[in-house]
Each structure stands twice: as structure tokens, then as C-alpha cells.
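Q: Here it is, the structure in full.
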């Protein structure tokens, strides 16, 4: 049941739509705490802007998802500005029309990938984590780990191969 009045109860909004918005933001950032923070900020903003919501123009869920996406994008811009690097790796493919099922499937796949990374031996595990969690280039990883760039490159290629095999084994790739 969609909300029918401009007078919106923040508790009711949160109870009804929190999971949908949270999964949507998780599909963008893949970081639980960040997704939870942005979800809360989106609901606070929705509450502040509740008079601008018009149920005759559309449903509440797409409206709150747009607010959440904008909060996420702003947080990425602020993060990028503070840390002076581009947000090229941000996955913006999901939009407000994606179903919750797609978001959940993506989240399950990401969780399986994390488990597969956890099963990797060192230094492959550390190389993958540096590459995708810290967004480091192979040269930076080599300096951080005090090994040659060529070794990092070989280990990275091997790790990707192993991850691909594991995901194929689980019918996820």
C-alpha cells in the first residue's frame, strides 16, 4: 500500500521501505556501514522534504531511491574530493527501476565473491584486497607489499583465474 498523503510518518516510511533502499544502496557501494548510513540519511532527507512528495506524480519507493542515490553520489564526490582520486570504480549500473530481487542476487554474488577471496592463499588474497578494497594500482601494491610489480601482476592474474574458477564452480560466472 503506497502512502496517500503528503503527511508522512518517518517511522512508517522507515519500517516499510528501509530494506528496499538499503539493498539498492548496497548494490552501488557494497559496504554495509556506508549503505546503512546513506539509507538513514535518505530517510531523514525524505522526512525534511515530505511536503514535496506528491503521490499523484509517482510512488514513494522510486522517490526515496532517488534521494538515496543522490546522497550516495554526493558522499562519493565528497570522498573523492577529500582523497583526491576519481570514483571510476563506482558501479552506477543499478537505477530505481531495478527490482529488489536483482539487488539481492547481486548481494549474494558479492558475498560469494568475498568468501572466495577469503579462501585465496597469501599473497594473492592481499593483492586482490588492495586492488579492489583500497583501489590501489599494481605498482602501488608492489611498493606496499615490498615485492616486484611483475610478481604482483603474476599473482593478480593467478588470483583472478582462481576466483573465476570458483565462481564458475558455483554457477555464478
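A short reminder: the numbers here are calculations on the coordinates, not readings from a lab. Worth saying up front: this structure is predicted, and the values here are computed from it rather than measured. Backbone-built Cβ (ideal geometry, glycine too); neighbour counts: all protein chains shown.
Q: Please give the contour-minus-distance gain from residue 51 to residue 151: 0.36 nm per residue of separation, less the Cα-Cα distance, rounded to one decimal in nm.
A: Once the chain is fully extended between residue 51 and residue 151, it gains 30.2 nm.
Q: Quick one: grab the alpha carbon gyration tensor of region 10-83, order the square roots of its eigenvalues as a ≥ b ≥ c, and give me rounded if a/c is under 1.5, else prolate or oblate depending on whether a/b is larger than b/c.
A: It is prolate, given that a/c is not under 1.5 and a/b is the larger ratio.
Q: Further question on the same structure: Need one number: nm distance between label points at residue 132 and residue 77, each 7 Å from Cα along Cα→Cβ, rounded to one decimal.
A: Calculated label separation equals 2.9 nm.
Q: In Å and from the alpha-carbon atoms only, list the Rg and Dmax of region 100-169.
A: Taking only Cα atoms of region 100-169, I get Rg and Dmax of 13.3, 43 Å.
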